[in-house]
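The structure under discussion appears below in the form of structure tokens.
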Amino acid sequence: MFSVEKSKEIKSMFHDKGFKCTPQRLAVLKVLQDTSAYLSINTIHLKVKEFLPDTGLATVYRSLETLVDLNLVVKVHLEDGCHSYVIAPEGHRHPIVCTDCNKVIEFAEFPLDDLSKQISEDTGVQIKTHFLQLFGKCKECQA
């Protein structure tokens, strides 16, 4: 699935953060690594079963939650209440989800750092991170 070197790096990251590096977690990472598209949990499950046929949906769900906690995977909330997942991109990005076709468009430039600092000063809360997600119609669905 991964090169020997990459597998060692991933296993080390799991171990350093107190998690086991299971074949199921590696398979989920591999599925997401092989695409730039946001995938539903059902799609990920079907693709993981190609590697590990006995893997259940609950195992994929738990694996995804762990990978999100480790900041290896990003979970995007869709307007219908479902979620999609993608490998975490380099840098901090924000998703815009099309409300018609569920296409996800990412953007990076947004002045939230200044706003976060101001909120931190006003409330006394030390802000560690933020999550911004927007919903709208993509160009294709507007046509």
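Odds and ends about this structure:
- Long-range amide H partners of ALA88 with built H, under 5 Å: VAL73, VAL74
- When you restrict to C-alpha pairs under 8 Å that are six or more residues apart and normalise by the size of the chain, the relative contact order lands at 18 percent.
- Under 21 Å from the Cα of LYS139 - lysines, other chains or at least 8 residues apart: LYS103
- Stretch gain in nm, segment ILE87-ASN42, where the contour uses 0.36 nm per residue and the Cα spacing is subtracted: 14.6 nm
- Ellipticity estimate at 222 nm from DSSP helix runs (n ≥ 4, -39,500 (n - 2.57)) divided over the chain, nearest 500: -13500 deg cm²/dmol
- Karplus-derived 3J(HN,Hα), 6.51/-1.76/1.60, for each residue of the range 20-33, Hz, glycine and proline x: 7, 9, 8, x, 5, 5, 5, 5, 4, 4, 4, 4, 6, 5
- Using θ = phi - 60° and Karplus 6.51 cos²θ - 1.76 cosθ + 1.60, couplings along the range 55-64 (whole Hz; Gly, Pro as x): 6, x, 4, 4, 5, 5, 4, 5, 4, 4
- Stokes-Einstein D in µm²/s, Kirkwood radius over Cα pairs - the range 1-88 at 37 °C with 0.692 mPa s viscosity: 251
- Over all pairs of different C-alpha atoms, the range 31-143 has a mean inverse distance whose reciprocal, the Kirkwood radius, equals 15.9 Å.
- Projected onto their three principal axes, the Cα atoms of the range 90-143 cover extents of 45, 23, 14 Å, largest first.
- Partner lysines for LYS128 [C-alpha distance under 19 Å; skip if fewer than 8 residues away on the same chain]: LYS17, LYS75, LYS117
- Annotation: amide H-H contacts under 5 Å for ILE96 (H modelled 1.01 Å from N, sequence separation of 5 or more, or interchain): ILE105, GLU106, PHE107, LEU134.
Just so you know, all these numbers are worked out from the coordinates, no wet-lab data involved. Being a predicted model, the structure only gives us computed values, none of them experimental.
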